[in-house]
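Peer 1: Sharing a structure below in structure tokens format, with a few things to ask.
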Amino acid sequence: MQTGEPAWIERAERVVMPTYGRLPVTFVRGEGCRLWDDGGRSYLDLAAGIGCCCLGHGHPRLTEAIAAQAARLIQVSNLYCCEPMVAVAEQLCAHSFGDRVFFCNSGAEANEGAIKLARKRSRDRFGPGRYRTLAFHQSFHGRTLATLSATGQEKVWKGFEPTVEGFDFADYGDLDAVEATLTDAHCAILVEPIQGEGGIVVPPAGFLAGLRRLCDERDLTLIFDCVQTGMGRTGKLFCHQHEGVTPDVMTLAKGLGGGVPIGAIVATEAAGTVLTPGTHASTFGGNPLVCAAARVVLELLTDGGVVANAAARGAQLFDGLAVIASRNEAIREVRGRGLMVGVALDRPVAPILDRLRAAGVIALPAGAQVLRLLPPLVISEAEVAEALGAVEQALSEG
Ligand SMILES: *Cc1c(COP(=O)(O)O)cnc(C)c1O
């Protein structure tokens, strides 16, 4: 911080829209799972830019690839073909159910496109009138008008009504409720394999397979929103691989670029050929710069032991949290999979997060009473042990 000038946070309060209640810390540098603030203080990062920095900060391969691509070519638009985009599409298809990829810039944009895809697919095959998407209470799919309309949390859409027409909601995990809600007007089911923003909620075993069956029976497009659960976060490259269930369409963002903004829609051949020239587009989508980053992320995730590390460190984290829960009554439940962890508390999480930050540890909330941990997937055994110690200490202070 420069003396004589107001702190960045004060300057931000004057010129940046107040959409976030910004915390009183300004990060200037990162390396691995560590962040440094403008006062030179270091923090253990269990948030990873909300699950984006899967390779941690300053990963040499990632930064080298971004710098080299920036020097070579940053943007040419989708009117032309570019090597990095094709390479990432091939990597995504090689390691998933997918045959076709559309690139965009965020999770919301990916979900927006997936909703359009499902409507168009149904209209092409069955004509108008069959356009509704079934989504779930407590879900989160983004902040654009269609994706907030697909989000089953009032706080996300309140004040922006009328919401986009064509979304219905069922209780997450309840197949009977899904079946009771579906009508002849539906074309798709949109679901997070684990609900993220809604509190790290894992559905009962068989739920995703049940949705697959309902979609097959009724010719619906099954869309998995893997924006948070994807890219190794749960200890598999994609969360549904734990269950052996495949969707028709999945959406990705967050971890895909290791911190640079890139989103994607991955689809089967049948679903992935619906959006034809002129029907959908994105100016920046999959530009050479962001795809150079995603290429390295995919290489290291599929061939670099990063996903195996996420599974092993996730197991260590869950074991440690179970021990802490056994001696601290503030913990109601520990939920999630791999390095997507929710610690449901009997009290507000905000003071716990403040205490963790004061102790040099950065974590996240998921709703008012859930402590959410989304560390970089490269976190070490010693760092997980450090995280566990800090969480136990913060909880023991009331
Ligand atoms: C974060 C998130 C989104 C929105 O992603 P943005 O990149 O912020 O638009 C959508 N779905 C899920 C499941 C998410 O976690």
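The values are calculated or read from the model by the stated rules, or taken from the named source; none is laboratory data. Nothing here was measured: the structure is a model prediction, and the numbers come from that model. All Cβ positions, glycine included, derive from the backbone under ideal geometry; neighbour counts span all protein chains shown. When the accessible area is computed, the model is the full protein with side chains, heavy atoms only, and any ligands, DNA or RNA have been set aside. Shrake-Rupley method; radii C 1.70, N 1.55, O 1.52, S 1.80 Å.
Peer 1: What does DSSP give for segment 73-303 in terms of the percent of beta bridges that are antiparallel, rounded to the nearest 5? Let's see the in-between values first.
Peer 2: On the way: 10 of 26 bridges.
Here the antiparallel bridges make up roughly 40 percent for segment 73-303.
Peer 1: On to the next question. From the C-alpha gyration tensor of segment 55-169, pull out the three semi-axes of the equivalent ellipsoid (sqrt of 5λ each), sorted largest to smallest, in whole Å. Don't skip to the end; give the middle numbers.
Peer 2: Working: eigenvalues 219, 79, 36 Å².
Equivalent ellipsoid of segment 55-169: 33, 20, 13 Å, largest first.
Peer 1: In whole Å, how far is the Cα centre of segment 184-232 from that of segment 352-374?
Peer 2: So the two Cα centres are separated by 28 Å.
Peer 1: Restricting to segment 170-251, compute how many DSSP beta bridges are antiparallel as a %, nearest 5.
Peer 2: 10 percent
Peer 1: Next question, about the same structure. Any chance you could get the radius of gyration and Dmax over the Cα atoms of segment 136-183, in Å?
Peer 2: 11.0, 31
Peer 1: Rounded to the nearest percent, how much of the accessible area of the chain (1.4 Å probe, protein heavy atoms only) is carbon and sulfur?
Peer 2: Looking at the chain in its full context, I get 54 percent from C and S.
Peer 1: Over the chain, give the accessible area per residue in Å² for a 1.4 Å probe, as an integer. Each step should come with its number before you reach the end.
Peer 2: Numbers: 17300 Å² over 398 residues.
Roughly 43 Å² per residue, with all protein chains present.
Peer 1: For segment 80-139, taking Cα atoms only, what is the radius of gyration to one decimal and the Dmax to the nearest whole Å?
Peer 2: 14.6, 41
Peer 1: Treating the beta-carbon of each Lys and Arg as +1 and of each Asp and Glu as -1, no other charges, what is the dipole magnitude of the chain about its Cα centre, to the nearest 20 debye?
Peer 2: Values: 36 positive and 44 negative charges, 109 e Å.
Using Cβ point charges on Lys, Arg, Asp and Glu, the chain gives about 520 debye.
Peer 1: So how far apart, in nm, are the two label points at GLU154 and GLN75 if each is 7 Å from Cα heading toward Cβ?
Peer 2: So the two model labels end up 4.0 nm from each other.
Peer 1: Write down Rg/Rh for the chain, rounded to two decimals, with Rg from the C-alpha atoms and Rh from the Kirkwood relation over Cα pairs.
Peer 2: Working: Rg = 21.0 Å, Rh = 21.8 Å.
Rounded to two decimals, Rg/Rh equals 0.96.
Peer 1: Right, something else. For an R0 of 22 angstrom, estimate the FRET efficiency from the Cβ-Cβ distance between ASP171 and ALA205 and round to the nearest 0.05.
Peer 2: Values: r = 17 Å, r/R0 = 0.75.
According to the calculation, E is roughly 0.85.
Peer 1: Loop only per DSSP, at most 12 neighbouring Cβ atoms within 10 Å: give me the trypsin sites (Lys or Arg not before Pro) in segment 148-218, ordered by residue number.
Peer 2: Working: sites: LYS155, LYS158, ARG212, ARG213, ARG218; in loops: LYS158.
Counting only loop positions with at most 12 other Cβ atoms within 10 Å, the trypsin sites (Lys or Arg not before Pro) in segment 148-218 are LYS158.
Peer 1: If I stretch the segment between TRP8 and GLN393 completely, what's the gain in nm (0.36 nm per residue apart, minus their alpha carbon distance), one decimal? Before the final figure, lay out each step's value.
Peer 2: Values: separation 385, 0.36 × 385 = 138.60 nm, distance 3.03 nm.
Taking 0.36 nm per residue and subtracting the Cα distance, the gain is 135.6 nm.
Peer 1: Which semi-axes, in whole Å and largest first, does the equivalent ellipsoid of segment 176-297 have when worked out from the alpha carbon gyration tensor as the square roots of 5 times its eigenvalues? Can you show the working numbers first?
Peer 2: Details: eigenvalues 137, 77, 26 Å².
Here the semi-axes work out to 26, 20, 11 Å.
Peer 1: Follow-up question, since we're still on this one. Mean Kyte-Doolittle of at least 0.5 plus a Cα span of 27 Å or more along the axis: flag which DSSP H helices in the chain meet both, please. Let's see the in-between values first.
Peer 2: Values: long enough: 107-126 (28 Å, -1.15); 306-327 (32 Å, 0.86).
Span-like helices, by this rule, are 306-327.
Peer 1: Based solely on C-alpha atoms, express the radius of gyration and the Dmax of segment 73-303 in angstrom.
Peer 2: According to the Cα coordinates of segment 73-303, Rg and Dmax are 16.6, 52 Å.
Peer 1: Ordering ASP303, ASP174, ASP124 by accessible area with a probe of 1.4 Å, largest first, what comes out? It would help to have the intermediate numbers written out before the result.
Peer 2: Values: ASP303 135, ASP174 55, ASP124 95 Å².
The ranking, largest first, comes out as ASP303, ASP124, ASP174.
Peer 1: Run the quick spin-label model on THR302 and THR181: label points 7 Å from Cα toward the beta carbon, then report their separation in nm to one decimal.
Peer 2: About 3.4 nm separates the two model spin labels.
Peer 1: Counting other Cβ atoms within 10 Å, keep those with at most 14, restrict to DSSP loop, and tell me which trypsin sites (Lys or Arg not before Pro) in segment 1-53 are left.
Peer 2: Working: sites: ARG11, ARG14, ARG22, ARG29, ARG34, ARG41; in loops: ARG22, ARG41.
Here the sparse-neighbourhood loop sites are ARG22, ARG41.
Peer 1: Let me ask something additional. Which value at 222 nm does the chain reach when only helices count, each DSSP H run of 4 or more adding -39,500 (n - 2.57), with the total divided by all residues and rounded to the nearest 500 deg cm²/dmol? Spell out each step's value before the answer.
Peer 2: On the way: 14 runs with 152 residues, N = 398.
Counting only the DSSP helices, I get -11500 deg cm²/dmol.
Peer 1: Between exposed chymotrypsin sites (Phe, Trp or Tyr not before Pro) in the chain, where DSSP calls loop and at most 13 other Cβ atoms lie within 10 Å, what's the longest gap? Don't skip to the end; give the middle numbers.
Peer 2: Working: sites that count: TYR20, TYR80, PHE160.
Segment 161-398 is the longest.
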